[in-house]
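First up is the structure itself, then whatever we jot down about it.
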Amino acid sequence: MELWIPITIASAFLQNMRSALQKHLRARLNTTGATFVRFGYGVPFALFYMAVLDYGLGRAMPVPNLAFWIWAVVGGGAQIGATFLLVYIFAFRNFAVGTAYSRTEPAQAALVALVLVGETVTVGTIIAIAISVVGVILISVARTELTVKSLVTSVGSRTAVFGLLSGFLFGISGVSYRYASLSLAPSLPAADPVVQAGYTLLIVIIMQAVAMLFWIWWKDRAQLSRIGQAWRPALLVGFVGATASFGWFTAMTLQPAAVIKALAQIEMLFTFGSSVLVFKEHVNRLEIVGCLLIVLGILALILI
């Protein structure tokens, strides 16, 4: 099994944990506060990972160039927006369905990569993405009568629009992080995906934390005390979020973002588990069928 496969699956599991914890925090913080903890409380762990690589393992550190900074800023900003929207839509539909809309990310990442850098994907990958996206569409209409009208209405709903936009921004961030990480390779004695990914994560998460901290201080200073009071669950969000990002960045250094995000659809399995077992939310048959199609898309990605 290629290394990027288990890394991606582990990252998807951790990302689901992070989303579930953020939904829990949404009861104590507003959307901006719940979004911030994913970055602000992740900084100590990103510093720890790089300290282990640098001082513990003696791995050579990269030297960032202009291309790195451009990709890092674009990716960091897009991820903040995507995370904000994902947390925001949890208020409108259940945890599983809210996450499902953002799972169109692989198809959007492939399009973004094609437009920005001319990166293409194989026919097998396109088939896998298409199967998964059909699964997402079924989930999106599972609570309504399945007609052409319901499809149109669902796609035009507030949850769908914000969810699709979240997926689009996640797609931009994935492509940006891949090329930020790859741009560091020439400054190293030899390509080192783990170091490249760790360094990219550290720089990006610091920028995101500072930017969001400034925004909250400017717009809603009272939220800062609530963020501090929620430090226990927030610290766990920071840990799983930073660890998941470390995995994502490493995997996307090894494979195109669209391929990684297609396999990452496995997160929907973890999401449905959280929806039913943790949040006690009802999942109907059509949502299960949609989930199975997502799984089929994952199998197609790996086997084709």
Subset of the range 44-68, residues without any contact (Cβ under 8 Å) to a residue 12 or more places away in the chain and either touching a helix residue (DSSP H, G or I) at 6+ places or on another chain (Cβ under 9 Å) or at negative phi (or both), comes to 48, 51, 52, 54, 55, 56, 57, 66
All helices (runs of 4 or more DSSP H) inside the range 1-61 with 3 or more residues being over 25 Å from residue 86 (Cβ atoms) and modelled with pLDDT of 90 or more | 43-51
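Has the range 202-209 got any residue that is more than 19 Å from the chain's Cα centre (by Cα), at pLDDT 80 or above and over 30 Å from residue 295 (Cα atoms)? Please lay out each step first, then the result.
Filtering the range 202-209 for residues more than 19 Å from the chain's Cα centre (by Cα) gives none.
So far as the range 202-209 goes, no, none of its residues is more than 19 Å from the chain's Cα centre (by Cα), at pLDDT 80 or above and over 30 Å from residue 295 (Cα atoms).
Whether any residue in the range 255-273 is within 30 Å of residue 196 (Cα to Cα) and more than 22 Å from the chain's Cα centre (by Cα) is what I want to check. Full working, then the answer.
Restricting attention to the range 255-273, the residues satisfying the condition of being within 30 Å of residue 196 (Cα to Cα) are 255-271.
With the extra rule that they be more than 22 Å from the chain's Cα centre (by Cα), the set shrinks to none.
Checked against the condition, which is being within 30 Å of residue 196 (Cα to Cα) and more than 22 Å from the chain's Cα centre (by Cα), the range 255-273 yields no hits at all.
Report yes if residue 266 is of a type in the set (A, V, I, L, M, F, W, C), modelled with pLDDT under 70 and part of a helix (DSSP H, G or I), otherwise no. Quick ask: steps written out before the conclusion?
Values: of a type in the set (A, V, I, L, M, F, W, C): yes; modelled with pLDDT under 70: no; part of a helix (DSSP H, G or I): yes.
When the stated conditions are applied, residue 266 does not pass them.
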Just one listed residue, out of 241, 228, is surrounded by fewer than 14 Cβ atoms within 10 Å (Cβ to Cβ), assigned to a helix (DSSP H, G or I) and not aromatic (Phe, Trp, Tyr), and it is 228
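The values are calculated or read from the model by the stated rules, or taken from the named source; none is laboratory data. Predicted model, so just to flag it, every value in this text is computed and none were measured. When we count neighbours, we look across all protein chains shown, and the Cβ atoms used for this are built from the backbone with ideal geometry, even at glycine.
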